[in-house]
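Taken together, the values in this text are just the output of simple stated rules run on the coordinates, not laboratory data. In this text, all values refer to a predicted model and were calculated from it rather than measured experimentally. For neighbour counting, all protein chains shown are included, and Cβ atoms are generated from backbone atoms with ideal geometry for every residue, glycine included.
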Amino acid sequence: MRILHVLDHSLPLHSGYSFRTVSILREQRALGWDTHHLTTPRHYGGSGAPEESADGWTFHRTPFKPGLLSKLPAAGPYFDEMRATAARLDELVARLQPDVLHAHSPVLNALPALRVGRRRGIPVVYEMRASWEDAAVDHGSTREGSLRYRLSRGLESHALKRVDAITTICEGLRADIMSRGIDASRITVIPNAVDVASFTYGAPADAALRARLGLDGATVLGFAGSFYGYEGLELLLEAAARLAPARPELRVLLVGGGPQEAALKAQALRLGIAERVVFTGRVPHAEVQRYYELIDVLAYPRQSMRLTELVTPLKPLEAMAQGRMFVASDVGGHRELIRDGDTGVLFPAGDAQALAQAIAGLLDQRAGWDAMRQRARRFVETERTWARSVARYADVYARVCERQPGGGAIKSSVARG
């Protein structure tokens, strides 16, 4: 069974998208499937070579020179990108002879895959990790009346109606796909998961790192990731300011960076808690675990908007795998992962006072932490491992391949690996 994956970007870039991709590829290889990987012109930071190796994986790259369409406003560059992707994909298909083209979000990858797949008689699976109208319009701000939003949604729906099968990452996105008139039988949820073995449960904190960051003797609230507006980190700072008078030992550790970093530093000054907030800047991915281990309570205060209501993040699952205590806003993406009071604590999205109360409640009930940690770890071990998630692709690939000439043999090869 040979699968050619079409991707937005990949390693060596670090992102939730890249990590999900590599987890999928690793488990598909473990099943005996032959995977190949193409990134489109949207991949950045590469060497410019037609192929690039990263962490033992080889990725085909798509060379790109802007054409006449790129000079047009709005969507012009996207059409040039898709044309380049289709040309590179056609070249690889001729050489590799894949059984399936598996395009992953955004829709700019699915449309070239459809074009090549139809011409070559190869089935196309489309994995919608987020809708293009949300990704293309200000990180989840719908602006549903805008022309750009409606065009983006139209492109997404066009692709979804024409691919041979659809996979997605959560029930929220599955419901959104169905709202476009797509039959439920064509959609398979392949949920986000974790490689449990890669996370040490309840690891002790690095004393030297704690001291270097000035956290000795502190109770630490924290977040690790990109500082986007929808993450709601301003709520965490406001909650910390509310808790500070009664908890002089409280500190906030923010690991990472992003568009909101300057605004968050200014807010900490304005709230009078700048000396209590530690900004580490971005740290190497291999080092992030050491910073997690310094944090007593992680916070995921995502704001409520279309993106966060529909899409499940990876971070709460990683926290559960590590046995970290955490609070999270009650947006749809979190509710799909977290059982309030059982595997984590939820609070009303957008409410800094409720966040402060949730944190205070956890800090006052440390006797119950071990039991909650163990329940959370069991949840990921039994329901959210990558091996369990990726096994679901077998039925998807078998269904689309059996419709092709010689599909019975291909279907058997899926089962065999």
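May I ask you to sort Ser329, Ser179, Ser105, Ser157 by Cβ crowding, counting other Cβ atoms within 10 Å and putting the fewest first?
Ser179, Ser157, Ser105, Ser329
Using a cut-off of 13 Å between beta-carbons, work out the net charge of the residues near Leu254 (Lys and Arg +1, Asp and Glu -1, Leu254 not included).
Its environment carries a net charge of +1.
Hey, which aspartates and glutamates would be in cross-link range of Lys161, C-alpha to C-alpha under 19 Å, not counting anything within fewer than 8 residues on its own chain?
Within the straight-line limit of under 19 Å, Lys161 reaches these aspartates and glutamates: Glu127, Glu133, Asp134, Glu171, Asp176, Asp183.
I'd like to know which of Ala286, Leu7, Ala358 lies farthest towards the positive end of the charge dipole of the chain, counting +1 on Cβ of Lys and Arg and -1 on Cβ of Asp and Glu.
Checking the options against the dipole of the chain, the answer is Leu7.
With runs of 4+ DSSP H residues as the only contributors, calculate the mean residue ellipticity of the chain at 222 nm using -39,500 (n - 2.57) per run, divided by the residue total and rounded to the nearest 500.
So the calculated ellipticity at 222 nm is -13000 deg cm²/dmol.
Of the options Val189, Ala262, Tyr78, report the single residue whose Cα projects farthest towards the positive end of the charge dipole of the chain (beta-carbon charges: Lys, Arg +1; Asp, Glu -1).
Tyr78
Apply the Karplus parameterisation 6.51 cos²θ - 1.76 cosθ + 1.60, with θ equal to phi minus 60°, to every residue of the range 53-61 and state each ³J(HN,Hα) to the nearest whole Hz, in sequence, with x for glycine and proline.
For the range 53-61, the Karplus-derived couplings read 9, 8, 6, x, 10, 9, 10, 6, 10 Hz, x marking Gly and Pro.
Taking the structure as given and computing P(r) over Cα pairs in 10 Å bins from 0, in percent, which label from [x] 5, 24, 36, 27, 7, 0; [y] 4, 12, 11, 12, 11, 9, 8, 7, 6, 5, 4, 3, 3, 2, 1, 1, 1, 0, 0, 0, 0, 0; [z] 4, 21, 30, 24, 15, 5, 1, 0 fits?
[z]
Taking square-rooted eigenvalues a ≥ b ≥ c of the alpha carbon gyration tensor, is the range 319-401 rounded, prolate or oblate, where a/c under 1.5 means rounded and, failing that, a/b exceeding b/c means prolate?
Because a/c hits 1.5 or more and a/b fails to exceed b/c, the range 319-401 counts as oblate.
Going by how many other beta carbons lie within 10 Å of each one, how would you line up Arg276, Arg324, Arg339, Arg115, fewest first?
Ranking Arg276, Arg324, Arg339, Arg115 by Cβ neighbours within 10 Å, fewest first, gives Arg339, Arg115, Arg276, Arg324.
Pull up the DSSP beta bridges for the chain and report the antiparallel fraction as a percent, rounded to 5.
Among the beta bridges of the chain, antiparallel pairing accounts for roughly 10 percent.
From the square roots a ≥ b ≥ c of the eigenvalues of the alpha-carbon gyration tensor of the range 195-313, which class results: rounded (a/c under 1.5), prolate (a/b over b/c), or oblate?
Here the range 195-313 falls in the oblate category.
Provide the net charge surrounding Lys265, with neighbours chosen by a C-beta distance below 13 Å and charges set as Lys +1, Arg +1, Asp -1, Glu -1.
With Lys, Arg at +1 and Asp, Glu at -1, the neighbours total -1.
Can you return the aspartates and glutamates within cross-link range of Lys265? Criterion is Cα-Cα under 18 Å, with same-chain partners fewer than 8 residues away left out.
Answer for Lys265, where 18 Å is the Cα cut-off: Glu231, Glu234, Glu238, Glu275, listed by chain and number.
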